[in-house]
Amino acid sequence: MCTSSYTTHGIYSASPATDPRSVEKRLIARGLLAGAIGAVLAFAFARLCAEPVIGRAIAFEGGRTEAEQAQGVHEHGVELFTRGVQSSAGLGFGVLIFGLAMGALFAVVFCVVYARAAGSAKSLAPRQLSVLLAAAFVAVYLVPFLKYPPNPPSVGQSDTIGARTGWYLVILLISVVLAIAAVLFARRLADRVGVWNGRLLAAGVYLATIVVVMVLLPTVDETPQPLRDASGAIIYPGFPADVLYEFRLLSLATQLVLWVTIGLVFASLAERLVADTATSERASSIAA
């Protein structure tokens, strides 16, 4: 739990309604709710906007498989789940789990930030929440996305998918660690150059470092190239570039829907909870 000494001085009282652990649990529960709502909206957006693109990718896969079989190539094993299941129930379940995880993570980070702000009324301002959410989005999703963007169905090879997943987790971990280090660095610089200058310098160091990391990490190219026969003639084209571009753009838009919804819903729920907690604390103080 995200308790700290700050939460016991001027933020919460010892009464059940304002007990630190109780408030933190309710904040995390609201984070989970915000994540679930964001996941539902993100899934609806993906189904409405990305489904035609996914259909084109699946059609390409089917045509390429037929062309390979005509050439005597039989490399495709039996799928555990059909493409239809993957793009409906599978997609929905994946988005829901991710949304719940991000909602809970955002709530925990908010607990820490709010506690260190000593419970000031301004600590719940939308601007501060927006900065926190934007930083989390960049570190957790945008940076890994830029290096290893998602691929639609039919783009991927069995001998590279493991390496791609591993490198994606590596850059995700590095990005999160560097983001935390940047926050600590900005706090150190605040006394010397001011709060905003310190944040800008820390952000610049983060960006410069992560760019170097992205350059050093290997590139994994899984886009299917044109299929050729023994004479070298193209018998089936490579994966359409426009489909790949649209899928990745829509994937980014889906994540934006998820993250923005989490931020808006959690801000509203958390502000109401903290306001009620402050009211209960004042009432307990008057009664005492």
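Just to be sure I follow: if Rg is taken over the C-alpha atoms of region 157-222 and Rh is the Kirkwood radius over the same atoms, what is Rg/Rh?
Across region 157-222, the Cα-based Rg/Rh ratio is 1.18.
Report the full-extension gain for the segment ASP242 to VAL183: residue separation times 0.36 nm, less the Cα-Cα distance, to one decimal in nm.
Contour length minus the Cα-Cα distance gives 17.4 nm.
Neighbour counts of other C-beta atoms within 10 Å: give me TYR245, TYR206 arranged from fewest to most.
TYR245, TYR206
Sort 21-28, 178-185, 253-260 for me by packing, meaning the mean count of neighbouring Cβ atoms within 10 Å per residue, highest on top. Mind showing how you got there, number by number?
Values: 21-28: 18.1, 178-185: 16.2, 253-260: 20.0.
Answer by packing, highest mean first, reads 253-260, 21-28, 178-185.
No lab work stands behind these numbers, since they all come straight from the coordinates. All of these numbers come straight from a predicted model, not from anything done at the bench. When we count neighbours, we look across all protein chains shown, and the Cβ atoms used for this are built from the backbone with ideal geometry, even at glycine.
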